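Colleague: One structure, pasted below without further comment.
The values are calculated or read from the model by the stated rules, or taken from the named source; none is laboratory data. Nothing here was measured: the structure is a model prediction, and the numbers come from that model. Don't worry about glycine lacking a Cβ; one is built from the backbone with ideal geometry, like all the others, and counts go over all protein chains shown.
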Amino acid sequence: MRTGFIGLGQMGAAMAANLARAGHEVTVYNRSPDKAAPLAALGAKVASDVAGACHGEAVMTMLANDEAVESVAFGRDGIVASLPAGAVHVCSSTISVALSRRLAAAHADVGQHYVAAPVFGRPDAAAAAKLFVVAGGAADSVARVQPLLDAVGQRTFLMSAQPEAANLVKMSGNFLIAAVIEALGEAMALVEKGGVDVHVYLDLLTSTLFSAPVYRTYGGLIADKRFEPAGFAAPLGLKDIRLALAAGDEMRVPLPLASLLRDRFLTLLAQGGDKLDWSAIGGLAARDAGAAGPA
């Protein structure tokens, strides 16, 4: 497919590279043009602006937050103004339910299609094309872009014909991951202060009751106190918890644990943890117990 790709951070660059390797005709755009050079080496075209990446059958976006998505989607030379009628905007960013609804309506108004397709997986999974894609949108629109989703992920889950449902699922999943990180950090701080080797403890957990990848991945990061370089930066974790809380406010769903997690992220950032991986909230419990915490 002829597709544009906008947003070449750690995740976006890996996803765009996999599209190119899968044989799609990719045109990339990034606000910092130097990040496009490795994609050009794979055969991708490099656009000089957002509109230049919007001439194909689809455009994918992978950006940090609502503000970044709004900046490329709307305006005179944005995606909505530049994408051909009938083409599809696939938004893989973790954004608010409200913005997802707004994007769906804006694209529909001009005869375009919109698919929300946020992903689960860290940068190593993105590089290996092993992401899990959570899709929302009309079934025929999702089917049209399925070759793109297959190029970046190992499985696509179609959640609803309403795109914003995919965003709700994504933020709820990130809320669960953050809860696991916090719980692991507290449990590991407890046993470590009692003289137990946390690596031995983690081996027990992940070999018996908690064998899911999330426990292995984040438990390992906490045990090793390996919070740099960030695969998913702590400010993004705070952003996603705030998105979950906002969705809860709108639907009158109390999320008391999410409120606690927001405060843990605020604590980490208040102490200079902006460049750390979001798993660094799992190191706060050890610091609170008198051990070395996140650097």
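Colleague: Checking H107 against (1) within 20 Å of N174 (Cβ to Cβ); (2) in a helix (DSSP H, G or I), which test does it fail?
Modeller: (1)
Colleague: Picking from A234, A179, A212, A183, which residue would you name as being outside the structural domain of L99 (by TED's automatic domain parsing), touching a residue at least 12 places away in the same chain (Cβ under 8 Å), over 28 Å from H89 (Cα atoms) and not acidic (D, E)?
Modeller: Criteria check complete, one pass: A179.
Colleague: From the list L238, L269, exactly one residue is closer than 23 Å to A68 by Cα, surrounded by fewer than 19 Cβ atoms within 10 Å (Cβ to Cβ) and of a type outside the set (S, T, Y). Which is it?
Modeller: It is L269.
Colleague: Continuing with the same structure: Do we have L255 as modelled with pLDDT of 95 or more and over 25 Å from D66 (Cβ atoms) here?
Modeller: No, not satisfied.
Colleague: Considering only residues that are part of a loop (DSSP other than H, G, I, E, B) and surrounded by fewer than 14 Cβ atoms within 10 Å (Cβ to Cβ), which ones fall in the range 193-213?
Modeller: The answer is G194, G195, V196, D197, T208, L209, S211, A212.
Colleague: Out of (1) modelled with pLDDT of 95 or more; (2) part of a loop (DSSP other than H, G, I, E, B), the odd one out for Y218 is which?
Modeller: It is condition (2) that Y218 fails.
Colleague: Next question. Kindly evaluate G290 against the criterion of being modelled with pLDDT under 95 and small (G, A, S).
Modeller: For G290, the condition - modelled with pLDDT under 95 and small (G, A, S) - is met.
Colleague: Test of understanding: among G237, G282, G220, which residue is of a type outside the set (S, T, N, Q), closer than 18 Å to L184 by Cα and in contact with an Asp or Glu (Cβ under 8 Å, 6 or more places away or on another chain)?
Modeller: Within the list G237, G282, G220, the selection yields G282.
Colleague: Now for a different question. One residue is enough: does the range 112-124 have a residue meeting the conditions part of a helix (DSSP H, G or I), more than 19 Å from A85 (Cβ to Cβ), of a type outside the set (D, E) and in contact (Cβ under 8 Å) with a residue 24 or more places away in the chain?
Modeller: Yes: the range 112-124 contains one or more residues that are part of a helix (DSSP H, G or I), more than 19 Å from A85 (Cβ to Cβ), of a type outside the set (D, E) and in contact (Cβ under 8 Å) with a residue 24 or more places away in the chain.
Colleague: Name the pairs: first residue in the range 78-106 and under 12 Å from G137 (Cα atoms), second residue assigned to a loop (DSSP other than H, G, I, E, B) and of a type in the set (D, E), Cβ to Cβ under 9 Å, at least 6 apart or on different chains?
Modeller: Partner pairs satisfying both residue conditions: V88/E57.
Colleague: What number of residues within the range 146-167 are farther than 15 Å from F132 by Cα and surrounded by 18 or more Cβ atoms within 10 Å (Cβ to Cβ)?
Modeller: Total meeting the criteria: 3.
Colleague: Now for a different question. Go through the residues of the range 250-258 one by one and say whether even a single one is without any contact (Cβ under 8 Å) to a residue 24 or more places away in the chain, under 20 Å from E164 (Cα atoms) and in a helix (DSSP H, G or I).
Modeller: The answer is yes; a qualifying residue exists.
Colleague: Continuing with this model, one more query. With respect to A40, determine if the residue is modelled with pLDDT of 95 or more, of a type in the set (G, A, S), within 20 Å of K170 (Cβ to Cβ) and not in a loop (DSSP other than H, G, I, E, B).
Modeller: no
Colleague: Quick one: L168 ticks every box in (1) in contact (Cβ under 8 Å) with a residue 60 or more places away in the chain; (2) not in a helix (DSSP H, G or I) bar one, so which box is it?
Modeller: In the conditions (1) in contact (Cβ under 8 Å) with a residue 60 or more places away in the chain; (2) not in a helix (DSSP H, G or I), L168 misses (2) alone.
Colleague: Restricting to the range 214-231, name every residue that is surrounded by fewer than 19 Cβ atoms within 10 Å (Cβ to Cβ) and of a type in the set (A, V, I, L, M, F, W, C).
Modeller: Within the range 214-231, just V214 meets the criteria.
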